[in-house]
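Scroll down for the structure; my scribbles are underneath it.
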């Protein structure tokens with residue numbers, strides 16, 4: 001089981017925030033090449049109320065191993081800093 005930290009939401013021009021696209025920092029990954037092996041992997045996070053949010057890692061973000069993930073429904077703001085589980089297939 002690999003874990004990642006929810007760093008924040010993807011932002012656009014004029015501070016537009018996309019709630020369904022999140023940025024993840026994967027534990028132990030420090031380079032773009034190392035992060036590339038996680039593309040296409042499924043992620044999930046369970047809230048305190050038991051609701052499960054699922055998504056998929058879609059692309060790289062930056063040069064230091066951060067990745068972008070897309071979810072069907074956006075994560076709540078109190079999840080920033082939470083641990084996200086990456087499912088290895």
Return the calculated 222 nm mean residue ellipticity for the chain, to the nearest 500 deg cm²/dmol, obtained by summing -39500 (n - 2.57) across DSSP H runs with n ≥ 4 and dividing by the residue count.
-500 deg cm²/dmol
Which length gain, in nm to one decimal place, applies between residue 78 and residue 37 when the Cα-Cα distance is subtracted from 0.36 nm times their residue separation?
11.9 nm
When each pair of different Cα atoms in segment 2-87 is counted once in the 1/r mean, what is the Kirkwood radius in angstroms, to one decimal?
12.8
Which of 44, 61 has the fewest Cβ neighbours within 10 Å, and the rest in rising order
44, 61
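Values in this text are rule-based calculations from the coordinates and carry no lab data. This is a predicted model, so every value here is computed, not measured. Glycine gets a Cβ as well: all are built from the backbone with ideal geometry, and neighbour counts include every protein chain shown.
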